[in-house]
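Student: The structure is given below, and queries will be raised subsequently.
The values are calculated or read from the model by the stated rules, or taken from the named source; none is laboratory data. Here the structure is a predicted model, which means the values were calculated and not measured. Neighbour counts run over all protein chains shown; Cβ positions are idealised from the backbone, glycine included. Please note that ligands, DNA and RNA were not included when accessible areas were found on the heavy atoms of the full protein model with its side chains. Shrake-Rupley method; radii C 1.70, N 1.55, O 1.52, S 1.80 Å.
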Amino acid sequence: MKALQIRRSVAKFGAARILGAVSPSGSTKVGPLEHRTIDDPECPGDGWHRVRTRLAGICGSDLSLVGGHASTYFDDWVSFPFVPGHEVVGELAEGESAGARVVLEPVLGHAARGIELPFDGASPADGDDYAHLAVTSPQGVEPAIQTGFCCSTGGGWAPWFWAHESQLHRIDDDMSDERAVLVEPFAGGIHAALLAAPALVGVDEPVVAVLGAGTMGLAAVAGLKRYVPGARIVVGARYPHQRALAEALGADVAVAASDLDRAVRREVGCHMIGNGESGALSSGAHVTIDAVGSSASIADCLRFTRPRGRIVLLGMPSRVDLDMTGLWHREIELKGAYTYGTETLHDGSSTTTFQLAIDTVNAVEAERLLSATYRLADHVDAIGHAAGAGRRGAVKIAFDLRDGA
């Protein structure tokens, strides 16, 4: 079949990294991502289903990988060559349920590896030992953190791929593909929102700041609004359309990203110590969600998160150059937010992040965030659009394979 595939090539990754600073589209042309004919992946075994891709999103981690900026940390957690694509809505290709639409929970967890679950009812990303992700499973599934980074399963940037039944969530007939393709990123944003909640217990009038309002930042805003009751949400976003969407999804205040420190100061009524980039608030937000993940964004979060507050790192940071003095002096907790799993809500009930995400995308009509779709053959334009989504007034870009493209 014809698919987008990434093969291991130091030269191509290096070329993409160099050219990416000038032109994302040019970087894609010389980089490791190729539109080529590949061998069909073999079925990994019992419990696996062939899924035809309908829509597959392009996320920030995909852009980092295609652009040659992905961290070497993941070198031992992927298996080349692989087909990217983990934000997927598809349909089952075979069996009694053929044609049923599903969304993919991409983590290749214990069940997909034929390994005992860490607890009854565990989601694919649950557990506190990742050994199963870095070894070949008894069924022959090669190491990989998730679908879209595994040579054994394929991925969503292809006409079809293999998925384990533990990864698949049926969706109702009245949910459009355009809405369903947002479920996975919304699950990530909601997980980050719920990681903010423990730091707000017992706090009167808590303030949560969100820095960045791309897809993940907006998903975090929606998660805070629905599942962290009582929090006042202050968002810093670079572009006007992002600020408008943040407010539509529940933000109480949305300002330019450069004004977020002042907006937080107004909310909590504290002082500014110093000025400019070195200035820090005397107090600040109880929790800040960093949906950017850069040296500059983490440094900013340290400036306007209150002493003994929490920073939830939602954006993938890769390498950062950071003065950590503020983290030490203010005794701030830095919390990573990678995927999703089993969540405990404020009322003590438990559910999965994906169920919360399905409920949320329906409630907020998340399809409004899908700005454009492309055929696989037009991947250079698609990657360029996704890399420049903010300045082009867009949010989410996806590949559309419903016509077999």
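Student: Among the residues of region 45-92, how many are buried (at least 17 other Cβ atoms within 10 Å of the Cβ) and part of a loop (DSSP other than H, G, I, E, B)?
Tutor: 12
Student: Sticking with this one: So G326 ticks every box in (1) in contact with a helix residue (DSSP H, G or I) (Cβ under 8 Å, 6 or more places away or on another chain); (2) closer than 22 Å to M216 by Cβ; (3) among the small types (G, A, S); (4) outside any loop (DSSP other than H, G, I, E, B) but one. Which box is left unticked?
Tutor: Unmet for G326, out of (1) in contact with a helix residue (DSSP H, G or I) (Cβ under 8 Å, 6 or more places away or on another chain); (2) closer than 22 Å to M216 by Cβ; (3) among the small types (G, A, S); (4) outside any loop (DSSP other than H, G, I, E, B): (2).
Student: Could you grab me the full set of residues in region 139-151 that are small (G, A, S) and open to solvent by 20 Å² or more (accessible area, probe 1.4 Å)?
Tutor: G140
Student: OK, next. From the list A382, A372, exactly one residue is part of a strand (DSSP E or B) and open to solvent by less than 50 Å² (accessible area, probe 1.4 Å). Which is it?
Tutor: Residue meeting the stated conditions: A372.
Student: To continue, here is another question. Which of the residues belonging to region 164-174 are crowded, with 24+ Cβ neighbours inside 10 Å and in contact with an Asp or Glu (Cβ under 9 Å, 6 or more places away or on another chain)?
Tutor: Q167
Student: Name every residue in region 111-128 that is in a loop (DSSP other than H, G, I, E, B), open to solvent by 20 Å² or more (accessible area, probe 1.4 Å) and under 19 Å from E142 (Cβ atoms), in order of residue number.
Tutor: G114, I115 - these are the residues of region 111-128 that are in a loop (DSSP other than H, G, I, E, B), open to solvent by 20 Å² or more (accessible area, probe 1.4 Å) and under 19 Å from E142 (Cβ atoms).
Student: So which of G348, G404, G390 ends up being free of Cβ contacts under 8 Å to residues at least 12 places away in the same chain, surrounded by fewer than 20 Cβ atoms within 10 Å (Cβ to Cβ) and in a loop (DSSP other than H, G, I, E, B)?
Tutor: Checking each option against the conditions leaves just G348.
Student: Right, another one. Are any of the residues in region 380-401 farther than 20 Å from V181 by Cα and hydrophobic (A, V, I, L, M, F, W, C)?
Tutor: Yes: region 380-401 contains one or more residues that are farther than 20 Å from V181 by Cα and hydrophobic (A, V, I, L, M, F, W, C).
Student: Quick one: P106 ticks every box in (1) within 17 Å of T153 (Cβ to Cβ); (2) at pLDDT below 95; (3) surrounded by 15 or more Cβ atoms within 10 Å (Cβ to Cβ) bar one, so which box is it?
Tutor: So P106 meets the others, but not (2).
Quick grid of which residues meet (1) free of Cβ contacts under 8 Å to residues at least 12 places away in the same chain; (2) more than 11 Å from F82 (Cα to Cα); (3) among the β-branched types (V, I, T):
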site	(1), (2), (3)
D128	yes, yes, no
L133	no, yes, no
C151	no, no, no
G154	no, no, no
A158	no, no, no
A163	no, yes, no
Q167	no, yes, no
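Student: What are the residues in region 93-103 that are farther than 20 Å from A357 by Cβ, open to solvent by 20 Å² or more (accessible area, probe 1.4 Å) and of a type in the set (A, V, I, L, M, F, W, C), if any?
Tutor: Once the filter is applied, which keeps residues that are farther than 20 Å from A357 by Cβ, open to solvent by 20 Å² or more (accessible area, probe 1.4 Å) and of a type in the set (A, V, I, L, M, F, W, C), region 93-103 yields only A98.
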